[in-house]
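Below is one structure, written out as structure tokens, with a few remarks after it.
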Amino acid sequence: TPRHSTRHRLSWRRQTLWAARTSKPIQSTAECELTYLYLCLCHCHCLCFCLCLCLCLCLCLCPCLCPCLFLALSLSPPFSCASLARCVSQRARQLWRRVRVMVTTGWFRNHAAIAPPKPLTRLQRARAWALNYGSKWRGHGSAMPPPRATYSGGAWSFLGAFLGLLLPAVLHSSVFADLDHPDMVLMIGSFAALATLLFAAPASPFAQPRVVLCGHLQSAALAIAMDYFVISDHTDFATAFIPQWVAQGLVPALCIGSMALTGCINPPAAACAFIYVTGGKRVKDSGWLFVLCPTLLGCVLMLLVALVVNNLSAHRRYPNFW
């Protein structure tokens, strides 16, 4: 059977030698069984076709042989379907042994498959890399842009963004203006980007409360810590050695990398760090208080508005996770 011919007759030693010489494994059991069945069917069809052709020729040439042939078939028990199948099976087994010998010795595979592929030249590698890189610019074939919102969805987004930005604006103008610390601010530009996520795409993973809070806290803390090493006109630290134009690209990049490592990616949080690095004296004078106000306080106020407004709609659910 194919099982015995592949597992017992082809020993592991022969398979190991073949794999070591050609760096390719020998045919699997499924391939051997399919080859065996293919040979059996091919030879069975050939024999049956030859027998039928001979029989038809005999009957056409000598119609008087028809009764004699019928009598011979009925009186000769060895010439039956079982004997025909046994003959076909024996012939297929003989051919299968030859195929096994060819596979074992390596003669079955052509020289192009046995020989290792030629290494590519530098020009060929550069050309393949350029073609692969250029194909990425065409975009993914099955990717589609996001669908536009319905009129009701646009109305809910407008209402949520308006209320979410109105609440910290009212507190900033009515409360912080009367305090003894006029340097404190509650409205920063990154809150507009945060409102876009919270009210236009509330199902986005970037708009969930954990991501919003953790992303803003670590970005603001990292921006304040890096400010001790940035040369600025508003601060005079002895440890400052990084130029301002370098810090404008370095600090947001560090914030984005840290958010990616912690799994709290939030685009407005990187904008918050950029606002602190490029901010004036009023922003820099707040120091570490910038983490609490406006960063933490503003995010909490906007998340409260998002929880109230988004869940009023029948087609929205916020948040997806905490």
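Laid out as a table, the results:
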{"quantity": "Hits in segment 275-286 (condition: assigned to a loop (DSSP other than H, G, I, E, B) and open to solvent by 20 Å² or more (accessible area, probe 1.4 Å))", "calculated": "Gly280, Asp285, Ser286"}
{"quantity": "Inter-residue pairs, beta-carbon under 9 Å, first open to solvent by 50 Å² or more (accessible area, probe 1.4 Å) and in segment 297-316, second in a loop (DSSP other than H, G, I, E, B), 6+ apart", "calculated": "Leu297/Leu186; Asn311/Arg317; Asn311/Tyr318; His315/Thr150"}
{"quantity": "Subset of segment 183-228 that is β-branched (Val, Ile, Thr) and modelled with pLDDT under 90 - its residue that is surrounded by the most Cβ atoms within 10 Å (Cβ to Cβ)", "calculated": "Ile188"}
{"quantity": "Any hit, segment 218-238, residues being under 18 Å from Met259 (Cβ atoms), without any contact (Cβ under 8 Å) to a residue 12 or more places away in the chain and not aliphatic (A, V, I, L, M)", "calculated": "no"}
{"quantity": "Some residue of segment 133-144 being hydrophobic (A, V, I, L, M, F, W, C), within 29 Å of Ala271 (Cβ to Cβ), at pLDDT 90 or above and open to solvent by 60 Å² or more (accessible area, probe 1.4 Å)", "calculated": "no"}
{"quantity": "Output for segment 149-174, where each listed residue is over 16 Å from Asn310 (Cβ atoms), exposed (fewer than 12 other Cβ atoms within 10 Å of the Cβ) and either under 37 Å from the mean Cα position of the chain (by Cα) or touching a residue at least 60 places away in the same chain (Cβ under 8 Å) (or both)", "calculated": "Tyr151"}
{"quantity": "Search result, residues across segment 240-266 that are among the polar types (S, T, N, Q) and farther than 17 Å from Ala221 by Cβ", "calculated": "Gln244, Gln248"}
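The values are calculated or read from the model by the stated rules, or taken from the named source; none is laboratory data. Just so we're clear, the structure is a prediction, and the values are computed from it rather than from any experiment. For neighbour counting, all protein chains shown are included, and Cβ atoms are generated from backbone atoms with ideal geometry for every residue, glycine included. Just the protein is used for accessible areas: all its heavy atoms, side chains included, with ligands, DNA and RNA removed. Shrake-Rupley method; radii C 1.70, N 1.55, O 1.52, S 1.80 Å.
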